[in-house]
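A quick write-up on the structure given underneath.
No lab work stands behind these numbers, since they all come straight from the coordinates. From a predicted model like this one, the values you see are computed outputs, not experimental measurements. Counting neighbours? That spans all protein chains shown, and the Cβs are built from the backbone with ideal geometry, glycine included.
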Amino acid sequence: MRSAYSNKVVPWLLLSPSILICILFLYYPMVQIAKLSLYKVAFFGMRMKYVGLENFIQLFSSPVYLGSILTSLVFSGAVVVLGISISMGLALLANQKVYGARLSRVGLIWPYALSPAIAGIVWLYLFNPAVGVINYTTGLLFGIKPQWYSHRSSALTMVITAATWKILGYNVIFLLAGLQNIPGQFLEAAQIDGASTFQRFWKITLPLLSPTMFFLLIMNLIQSFFTNFGLVNVMTEGGPREATNILIYQMYTSGFRYFKSGFASAQSLILFAIVVGLTLMQFKLTSRRVHYQGG
Amino acid sequence: MINKRKRIFLIQVCLIVCSLLVAAPVIFAVITSTQTPAEVDSYPPKVTPGSAGLARYAEVWRIGIGRMMLNSLYISAVVTVGKIGVSILAALALVYFNFRFKNLVFFFIFITIMFPVPVRVVPLFDLVQKLKMGDSYYALTIPFLASATATFLLRQHFMSIPASMVDAARVEGVGPLKFLFLVLIPMSINTLGALAMVTFIYIWNQYLWPMIVISSNERQVVQLGLKMLRPGEAGRQDWALAMAGVVIAMVIPLVIFLLLQEQFMRGFALSEEK
């Protein structure tokens, strides 16, 4: 233990703001969720009835909720796979030692600063069937102009595209840091031994980057599950016909449109289980890395 | 030699093309924001700057987006300063004092990394109503002042500062707060810069919580203003207004990002050290 100041009161004073806020705004709501998930709540909390696990039984027998789970899996899966592979290409390019590469790094990562809601509305414009450039281009090239907003699969495509674009900057930041940590002599040795560019990537870069990629996999899953509420709200409001109704959107609908607090809390608890699972996996498998995130 | 030069040139071209592709959606947004309604609706889509100049921005500003942007700026600044302040005090206690239950307290704060806002919104909304903080800036700031991530990263950074520093300070009779301001803060510029950037952008980009807890437009944040401008909402059918809103909503976080991205990279690289 490092030598330290020895006062019994001061440390508690220093910690008190953190502890108070944690208890009031973090722990108390979490306890409430556990409790409310076992109740049916009506009339804005005026009436509460203990129902045991009925909320959960109802959830898992509801086609809408099961559909929402599937939508979330497809959405997150697509965003993670596309996001990491495209970012990998961008990061490999930006890691080349050529004049201007440093500057272009900023050119590739700045969308990190934009919100999911901004990504949503900008892509909604690009996908606009009448005035958007995407339909103009597809019309010119293939003679088709899909009604992106009104078909289930095309709406999901739209939302996935916007979310993937939004996540690229974040991924490139971490992949570049990972690439720069790879000792140059490994790659040089391989080059001397006659390994091709592709072999070097596949046999050296990729294995050495795997901790970074695993970390990104988990972080991207957490982000795609939890930060895209605004994106979906701006673009599709979960529609059409629940095509983009990801879990967090469904939770919002239950809790704040239909005011079913108990039902929404049960869903929150399921979301919580997802965060816990993913976070524990991250701690277990990627040493003790905590990284800069908002929370 | 020629071959190598060709390769470098090719990489540079690829980098430029990729940067442009990544930027393309925002470039289109900026171009559209200068167009009149007729230009927005023209076919084929007009992809050059329009004739409206900054008129659409003035329009958007007048219908309340300006006020919302200032609200976002205010709450993001308050939370950034407040959260870092609260976390730095916690990290100071956790690293430079010996007291009972120290590890337990750290664990208590750290575990909240698994309590993201979306999980808590239902009871948090009820709580904030009960505390009479609904529809206020308090609701947008106070619940965010404690941070598992910031406390963790500052603690980790402080632990990497040689113990001889605090020994010297104690011998000289320098108290903990003075030590914090004279030694720790100046030695933590990268970490603090990185945290400030991430926190500011995180708060600026919040959507779900303000949507639920804020009901009056005078206190709403700019992200929700975008929803207001979305064609189809409230009878608006004008993409130029929406894109002007986008530009207004992204300028400040973008400037903060560009100013602090060096610190972010360096602060991050430091935290990477095993």
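Of the listed pairs A:LYS203/B:LYS4; A:LYS35/B:LYS130; B:LYS83/B:LYS130; A:LYS40/B:LYS227, which have alpha-carbon separations greater than 20 Å here? Violating the 20 Å limit, Cα to Cα: A:LYS203/B:LYS4; B:LYS83/B:LYS130; A:LYS40/B:LYS227.
Qualifying trypsin sites (Lys or Arg not before Pro) in segment B:76-119, where qualification requires a DSSP coil assignment and no more than 15 other C-beta atoms within 10 Å, comprise B:ARG100. Within the shell defined by Cβ-Cβ distances under 15 Å, the residues around A:LEU126 carry a net charge of +4, with Lys and Arg each +1 and Asp and Glu each -1. How many angstrom separate the Cα center of segment A:111-145 from the Cα center of segment A:243-284? About 29 Å separates the Cα centre of segment A:111-145 from the one of segment A:243-284.
Positive end of the dipole of segment A:1-132 (Cβ unit charges, origin at the Cα centre): among A:SER76, A:ALA101, A:TYR39, the Cα lying farthest that way belongs to A:ALA101. For B:LYS132, the aspartates and glutamates whose Cα falls under 20 Å of its own Cα, not counting residues fewer than eight places away in the same chain, are B:GLU218. Annotation: average projected area of segment A:136-295 is 13.4 square nanometres, based on the convex hull of Cα atoms across all directions. Membrane-span-like helices in chain A (whole DSSP H runs, Cα extent of at least 30 Å along the helix axis, mean Kyte-Doolittle hydropathy of at least 1.6): A:63-94. Across chain A, the longest run free of exposed loop sites, meaning trypsin sites (Lys or Arg not before Pro) lying outside DSSP classes H, G, I, E and B with no more than 15 other Cβ atoms within 10 Å, spans A:98-240.
Note on the protein assembly as shown: with charges restricted to the Cβ of Lys and Arg (+1) and Asp and Glu (-1), its dipole about the Cα centre is near 660 debye. Only the Cβ atoms of Lys and Arg (+1) and of Asp and Glu (-1) were treated as charged; on that basis the dipole of segment B:17-121 about its Cα centre amounts to roughly 540 debye.
Could you list B:SER51, A:SER150 in order of exposure, starting from the residue whose Cβ has the fewest other Cβ atoms within 10 Å? Lowest count first: B:SER51, A:SER150. Translational diffusion of segment B:65-272 was estimated from the Stokes-Einstein equation, with Rh taken as the Kirkwood radius over Cα pairs; at 4 °C and 1.567 mPa s the coefficient is 68 µm²/s. Placing a label point 7 Å from the Cα of A:ILE182 along the Cα-to-Cβ direction, the residues of segment A:78-104 whose backbone N falls under 18 Å from that point are A:84-98, A:101-102.
Write down Rg/Rh for the protein assembly as shown, rounded to two decimals, with Rg from the C-alpha atoms and Rh from the Kirkwood relation over Cα pairs.
Checking Rg against Rh, the ratio lands at 0.98.
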